[in-house]
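Contents: one structure, followed by commentary.
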Amino acid sequence: MRFELNIILITLAGGLAGFCLNYLADVLPVYRRFTHSICQDCHEPIGWKDYILFHACPYCGRQQWLRRGLIAAITPLLLVALYIFPSGRLTFWENAVILVFFLLVAIIDIEHRLIMHPVSLAGAVIGLVLGTRMHGIFPTLIGGAAGFLMMFVLYYLGGLFAKVLGKARGEEIEEIPLGFGDVNLSGVLGLLLGWPGIAAGLFFAILAGGVFSGGYILVLKLLRRYQPFSAIPYAPFLLLGTAILLFATK
């Protein structure tokens, strides 16, 4: 009976978390602060009733249910899965906080190609507190520094490669493989994984990113829609590499 009650409570908590994720992913990239609910497309204010019920925007007519409905459905399922299949050295609720943070970062990066500094700062607080619980203070701090520095090197090399290639082609290349938000996020993930866990996390991220990018380019070439240096959000792969180590291992 207690198990069933916990599942119900976690499902309700997941529904609330899904609503908060949708709201934050809509307003933070646009206004950089908490404000009224808005349309994902035209950014006009939407009443809370219409927002909660996924009604079409009264201004531009865009349907609001696709991403919001997906997040509202998948968040409770993921939290229930975390409860049924516990992993790692953290409690269920601590793992739930990490998962919700990961989802927020991924949604914003996929939709806006953006990793916001305030979100990364909140993640650093989470990573420092929970990383210290798992690894102790010094491995946590070393992991954070290592994650930041390793990704900073890749960020710098990517920018240098774009400049060199741009000069060789006689045109400026605006898209670079990584943004500085990825560097900040890697520092946050380093706090969570500690040292040497962050090295394994980045390895999995680079591997997953390479496999996806290769498949993505192949599909676009087959469709004859490929454009060189197309931007691909990298945060989901960084988060995936970390999630594998945090949630898929005992």
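The values are calculated or read from the model by the stated rules, or taken from the named source; none is laboratory data. As the structure is a prediction and not an experimental result, all values here were calculated from the model. Note that each Cβ is placed from the backbone with ideal geometry, even for glycine, and that neighbours are counted across all protein chains shown.
Yes/no matrix, rows are residues, columns are (1) more than 19 Å from Ile110 (Cβ to Cβ); (2) surrounded by 14 or more Cβ atoms within 10 Å (Cβ to Cβ); (3) modelled with pLDDT of 95 or more:
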| position | (1), (2), (3) |
| --- | --- |
| Pro29 | no, yes, no |
| Arg33 | yes, no, no |
| Gln40 | no, yes, no |
| Trp48 | yes, no, no |
| Leu53 | yes, no, no |
| Gly61 | yes, no, no |
| Arg67 | no, yes, no |
| Leu70 | no, no, no |
Among (1) at pLDDT 90 or above; (2) surrounded by 14 or more Cβ atoms within 10 Å (Cβ to Cβ); (3) within 20 Å of Thr132 (Cα to Cα); (4) not aliphatic (A, V, I, L, M), where does Phe247 come up short? (1)
For residues that are closer than 16 Å to Ala106 by Cβ and surrounded by 13 or more Cβ atoms within 10 Å (Cβ to Cβ), scanning just the stretch 209-236, find the one that is modelled with the lowest pLDDT. Ile232
With the requirement that a residue be of a type in the set (Gly, Ala, Ser), at pLDDT below 90 and on the phi < 0 side of the Ramachandran plot, what does the stretch 138-175 give you? Gly158, Gly159, Ala162, Gly166, Ala168
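Between His135, His117, His112, which is surrounded by 17 or more Cβ atoms within 10 Å (Cβ to Cβ) and at pLDDT below 95?
When all the criteria are applied, what remains is His135.
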Apart from one, (1) crowded, with 18+ Cβ neighbours inside 10 Å; (2) assigned to a loop (DSSP other than H, G, I, E, B) all hold for Ser87; the odd one out is (1)
Name the pairs whose Cβ atoms lie under 8 Å apart, with the first residue in the stretch 129-140 and assigned to a helix (DSSP H, G or I), the second among the hydroxyl-bearing types (Ser, Thr, Tyr) and crowded, with 20+ Cβ neighbours inside 10 Å, and 6 or more positions between them or separate chains? Gly131/Thr140; Thr132/Thr140; Met134/Thr140
Filter the stretch 48-76 down to the residues that are among the hydroxyl-bearing types (Ser, Thr, Tyr) and in a helix (DSSP H, G or I), then identify the one that is farthest from Ile10 (Cα to Cα). Tyr51
